[in-house]
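The values are calculated or read from the model by the stated rules, or taken from the named source; none is laboratory data. Bear in mind the structure is a predicted one, so any value in this text is a computation, not a measurement. A quick note on method: Cβ atoms are made from the backbone with ideal geometry, for glycine too, and the neighbour counts reach across all protein chains shown. Please note that ligands, DNA and RNA were not included when accessible areas were found on the heavy atoms of the full protein model with its side chains. Shrake-Rupley method; radii C 1.70, N 1.55, O 1.52, S 1.80 Å.
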Amino acid sequence: KELGISRTPVREAINQLASEGLVELTPHAGAFVRRPSREEIGEIYELREVLESHAAAKAAVAPDRAARLGDLDNACQRVRELRAGLAPNAALTPEQRQAQIAADLDFHFTLLGLAGNRRLERMIREFRILDRAMAPLGAPAGVEVLDSALECHEAVRRAVAEGDAEAAAAAMRAH
(Lines give C-alpha, C1' and ligand atoms only; values in the text may rest on other atoms or scores of the structure.)
Protein backbone atom coordinates (compact mmCIF):
# COMPACT_ATOMS: atom_id res chain seq x y z
CA LYS A 1 0.00 0.00 0.00
CA GLU A 2 2.88 2.37 0.88
CA LEU A 3 4.44 1.81 -2.55
CA GLY A 4 1.17 2.29 -4.39
CA ILE A 5 1.24 -1.23 -5.86
CA SER A 6 -1.88 -3.35 -6.04
CA ARG A 7 -1.96 -6.84 -4.55
CA THR A 8 -1.98 -8.65 -7.89
CA PRO A 9 1.60 -7.88 -9.03
CA VAL A 10 2.90 -8.48 -5.50
CA ARG A 11 1.10 -11.84 -5.37
CA GLU A 12 2.51 -12.76 -8.81
CA ALA A 13 6.04 -11.83 -7.70
CA ILE A 14 5.74 -13.90 -4.54
CA ASN A 15 4.38 -16.85 -6.53
CA GLN A 16 7.33 -16.53 -8.94
CA LEU A 17 9.76 -16.58 -6.01
CA ALA A 18 7.97 -19.65 -4.66
CA SER A 19 8.20 -21.41 -8.04
CA GLU A 20 11.97 -20.70 -8.03
CA GLY A 21 12.24 -22.22 -4.56
CA LEU A 22 13.30 -18.97 -2.87
CA VAL A 23 10.26 -18.61 -0.63
CA GLU A 24 7.79 -21.00 0.97
CA LEU A 25 4.11 -20.18 1.01
CA THR A 26 2.33 -21.05 4.22
CA PRO A 27 -1.48 -20.83 4.11
CA HIS A 28 -2.89 -18.14 6.40
CA ALA A 29 0.64 -17.14 7.48
CA GLY A 30 2.36 -15.69 4.41
CA ALA A 31 5.54 -16.12 2.41
CA PHE A 32 8.82 -16.89 4.12
CA VAL A 33 12.37 -16.90 2.77
CA ARG A 34 13.37 -20.51 2.28
CA ARG A 35 16.74 -21.75 3.49
CA PRO A 36 18.11 -24.23 0.91
CA SER A 37 19.47 -27.57 2.05
CA ARG A 38 23.12 -28.54 1.61
CA GLU A 39 21.99 -31.05 -1.00
CA GLU A 40 20.23 -28.35 -3.03
CA ILE A 41 23.27 -26.07 -2.84
CA GLY A 42 25.46 -28.96 -3.98
CA GLU A 43 23.16 -29.62 -6.94
CA ILE A 44 23.28 -25.96 -7.98
CA TYR A 45 27.07 -25.88 -7.88
CA GLU A 46 27.26 -29.17 -9.78
CA LEU A 47 25.17 -27.68 -12.59
CA ARG A 48 27.16 -24.45 -12.53
CA GLU A 49 30.39 -26.43 -12.86
CA VAL A 50 29.17 -28.19 -16.00
CA LEU A 51 27.55 -25.15 -17.60
CA GLU A 52 30.19 -22.54 -16.78
CA SER A 53 33.13 -24.74 -17.77
CA HIS A 54 31.40 -25.27 -21.11
CA ALA A 55 30.92 -21.50 -21.43
CA ALA A 56 34.61 -20.89 -20.65
CA ALA A 57 35.63 -23.38 -23.37
CA LYS A 58 33.34 -21.64 -25.87
CA ALA A 59 34.73 -18.24 -24.87
CA ALA A 60 38.27 -19.46 -25.52
CA VAL A 61 37.44 -20.16 -29.15
CA ALA A 62 35.14 -17.17 -29.71
CA PRO A 63 36.23 -15.16 -32.75
CA ASP A 64 35.96 -11.84 -30.87
CA ARG A 65 37.68 -12.98 -27.68
CA ALA A 66 40.69 -10.66 -28.08
CA ALA A 67 38.41 -7.62 -28.16
CA ARG A 68 36.63 -8.69 -24.96
CA LEU A 69 39.69 -9.55 -22.84
CA GLY A 70 39.75 -6.00 -21.51
CA ASP A 71 36.34 -6.59 -19.94
CA LEU A 72 37.65 -9.67 -18.14
CA ASP A 73 40.74 -7.68 -17.07
CA ASN A 74 38.50 -4.94 -15.65
CA ALA A 75 36.62 -7.43 -13.48
CA CYS A 76 39.93 -8.82 -12.18
CA GLN A 77 41.23 -5.29 -11.55
CA ARG A 78 38.22 -4.49 -9.38
CA VAL A 79 39.13 -7.41 -7.11
CA ARG A 80 42.81 -6.34 -7.05
CA GLU A 81 41.76 -2.82 -5.99
CA LEU A 82 39.47 -4.20 -3.31
CA ARG A 83 42.29 -6.41 -2.04
CA ALA A 84 44.89 -3.61 -1.96
CA GLY A 85 45.60 -2.39 1.53
CA LEU A 86 43.77 -5.17 3.35
CA ALA A 87 45.67 -7.07 6.04
CA PRO A 88 46.46 -10.74 5.27
CA ASN A 89 43.78 -12.11 7.62
CA ALA A 90 41.25 -9.28 7.42
CA ALA A 91 37.54 -9.99 7.37
CA LEU A 92 35.57 -8.26 4.64
CA THR A 93 33.03 -5.68 5.66
CA PRO A 94 29.52 -6.19 4.26
CA GLU A 95 30.24 -3.43 1.73
CA GLN A 96 33.50 -5.08 0.64
CA ARG A 97 31.73 -8.44 0.36
CA GLN A 98 29.05 -6.87 -1.86
CA ALA A 99 31.78 -5.28 -4.02
CA GLN A 100 33.52 -8.66 -4.30
CA ILE A 101 30.28 -10.39 -5.32
CA ALA A 102 29.58 -7.66 -7.91
CA ALA A 103 33.08 -8.01 -9.42
CA ASP A 104 32.73 -11.80 -9.45
CA LEU A 105 29.37 -11.61 -11.21
CA ASP A 106 30.80 -9.12 -13.71
CA PHE A 107 33.60 -11.53 -14.58
CA HIS A 108 31.25 -14.49 -15.00
CA PHE A 109 28.66 -12.58 -17.03
CA THR A 110 31.36 -11.12 -19.30
CA LEU A 111 32.66 -14.63 -19.90
CA LEU A 112 29.12 -15.85 -20.62
CA GLY A 113 28.59 -13.05 -23.11
CA LEU A 114 31.82 -13.98 -24.82
CA ALA A 115 30.68 -17.61 -25.09
CA GLY A 116 27.88 -16.40 -27.37
CA ASN A 117 25.11 -18.79 -26.31
CA ARG A 118 22.10 -16.82 -25.05
CA ARG A 119 20.24 -19.84 -23.69
CA LEU A 120 23.30 -21.00 -21.77
CA GLU A 121 23.73 -17.48 -20.42
CA ARG A 122 20.09 -17.33 -19.31
CA MET A 123 20.35 -20.69 -17.53
CA ILE A 124 23.50 -19.70 -15.69
CA ARG A 125 22.07 -16.31 -14.77
CA GLU A 126 19.20 -18.14 -13.08
CA PHE A 127 21.68 -20.18 -11.05
CA ARG A 128 23.72 -17.07 -10.23
CA ILE A 129 20.58 -15.46 -8.80
CA LEU A 130 20.32 -18.38 -6.41
CA ASP A 131 24.04 -18.13 -5.72
CA ARG A 132 23.68 -14.46 -4.76
CA ALA A 133 20.69 -15.24 -2.60
CA MET A 134 22.76 -17.81 -0.73
CA ALA A 135 25.93 -15.72 -0.36
CA PRO A 136 24.86 -14.15 2.97
CA LEU A 137 24.14 -17.60 4.42
CA GLY A 138 27.81 -18.58 4.49
CA ALA A 139 30.41 -17.77 7.08
CA PRO A 140 31.84 -14.24 7.05
CA ALA A 141 34.34 -13.88 4.22
CA GLY A 142 37.93 -12.80 4.52
CA VAL A 143 40.65 -11.74 2.12
CA GLU A 144 41.26 -15.37 1.20
CA VAL A 145 37.99 -15.20 -0.77
CA LEU A 146 39.39 -12.30 -2.80
CA ASP A 147 42.73 -14.04 -3.33
CA SER A 148 41.12 -17.31 -4.40
CA ALA A 149 38.64 -15.67 -6.77
CA LEU A 150 41.34 -13.53 -8.36
CA GLU A 151 43.66 -16.50 -8.85
CA CYS A 152 40.88 -18.53 -10.49
CA HIS A 153 39.65 -15.68 -12.66
CA GLU A 154 43.16 -14.94 -13.90
CA ALA A 155 43.67 -18.61 -14.79
CA VAL A 156 40.44 -18.61 -16.81
CA ARG A 157 41.37 -15.31 -18.45
CA ARG A 158 44.85 -16.60 -19.45
CA ALA A 159 43.36 -19.72 -21.02
CA VAL A 160 40.77 -17.68 -22.92
CA ALA A 161 43.46 -15.27 -24.13
CA GLU A 162 45.54 -18.20 -25.37
CA GLY A 163 42.53 -19.76 -27.10
CA ASP A 164 42.92 -22.94 -25.02
CA ALA A 165 39.40 -24.30 -24.58
CA GLU A 166 40.48 -27.30 -22.48
CA ALA A 167 42.49 -25.15 -20.07
CA ALA A 168 39.67 -22.60 -19.83
CA ALA A 169 37.16 -25.32 -18.97
CA ALA A 170 39.54 -26.90 -16.44
CA ALA A 171 40.24 -23.53 -14.77
CA MET A 172 36.53 -22.81 -14.52
CA ARG A 173 35.85 -26.26 -13.05
CA ALA A 174 38.56 -25.63 -10.46
CA HIS A 175 37.00 -22.26 -9.67
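The listed residues are Leu130, Leu111, Leu105, Leu150, and the only one of them that is surrounded by 14 or more Cβ atoms within 10 Å (Cβ to Cβ), under 12 Å from the mean Cα position of the chain (by Cα) and modelled with pLDDT of 90 or more turns out to be Leu111.
Taking the range 114-127 as the range and being in a helix (DSSP H, G or I) and either touching a Phe, Trp or Tyr at 6+ places or on another chain (Cβ under 9 Å) or open to solvent by less than 100 Å² (accessible area, probe 1.4 Å) (or both) as the test, the residues that pass are Leu114, Ala115, Leu120, Glu121, Met123, Ile124, Arg125, Phe127.
Yes/no matrix, rows are residues, columns are (1) in contact with a helix residue (DSSP H, G or I) (Cβ under 8 Å, 6 or more places away or on another chain); (2) under 16 Å from Arg68 (Cα atoms):
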site	(1), (2)
Gly85	no, no
Asn89	yes, no
Leu92	yes, no
Glu95	no, no
Asp106	yes, yes
Phe109	yes, yes
Gly116	yes, yes
Glu126	no, no
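Need the failing condition index for Pro36 against (1) of a type outside the set (Val, Ile, Thr); (2) farther than 18 Å from Phe109 by Cα; (3) without any contact (Cβ under 8 Å) to a residue 24 or more places away in the chain, just the number. With respect to (1) of a type outside the set (Val, Ile, Thr); (2) farther than 18 Å from Phe109 by Cα; (3) without any contact (Cβ under 8 Å) to a residue 24 or more places away in the chain, Pro36 is out only on (3).
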